[in-house]
Amino acid sequence: MFPEYRDLIAQLKISDLNFVRLFEKHNTLDQKIRHMEAHIEPGNHEEIEHLKKEKLLLKDGLYIILKKAAAANN
């Protein structure tokens, strides 16, 4: 996720607790979705789609934080 911000992500994971919370929640949802799609965990199509939308909102939030942090560093 966001390879162009790899270094900035590493910095924010140390300095921004909100970023860490969102990042971890995004990764947890990603794993849950993959497990549901692979039938490792129970879940129907509607549940998976709902989780995907939630994950996308988290990704958008992470991107906003990254853009602001990148602008502040320039």
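Since every read-out is calculated from the coordinates, none of them should be taken as a lab result. None of the values given here were measured: they were computed from a predicted structure. When we count neighbours, we look across all protein chains shown, and the Cβ atoms used for this are built from the backbone with ideal geometry, even at glycine.
Quick check: is even one residue across segment 39-49 touching a residue at least 12 places away in the same chain (Cβ under 8 Å), in contact with a helix residue (DSSP H, G or I) (Cβ under 6 Å, 6 or more places away or on another chain) and of a type outside the set (Phe, Trp, Tyr)?
yes
Scanning segment 19-33 for residues that are surrounded by 13 or more Cβ atoms within 10 Å (Cβ to Cβ) and of a type in the set (D, E, K, R) yields Lys25, Asp30, Lys32. Only one of the numbered conditions (1) closer than 30 Å to Ala72 by Cα; (2) among the aliphatic types (A, V, I, L, M); (3) surrounded by 14 or more Cβ atoms within 10 Å (Cβ to Cβ) is violated by Met36, and that is (1). Checking the stated criteria, Lys68 turns out to be surrounded by fewer than 13 Cβ atoms within 10 Å (Cβ to Cβ) and without any contact (Cβ under 8 Å) to a residue 60 or more places away in the chain.
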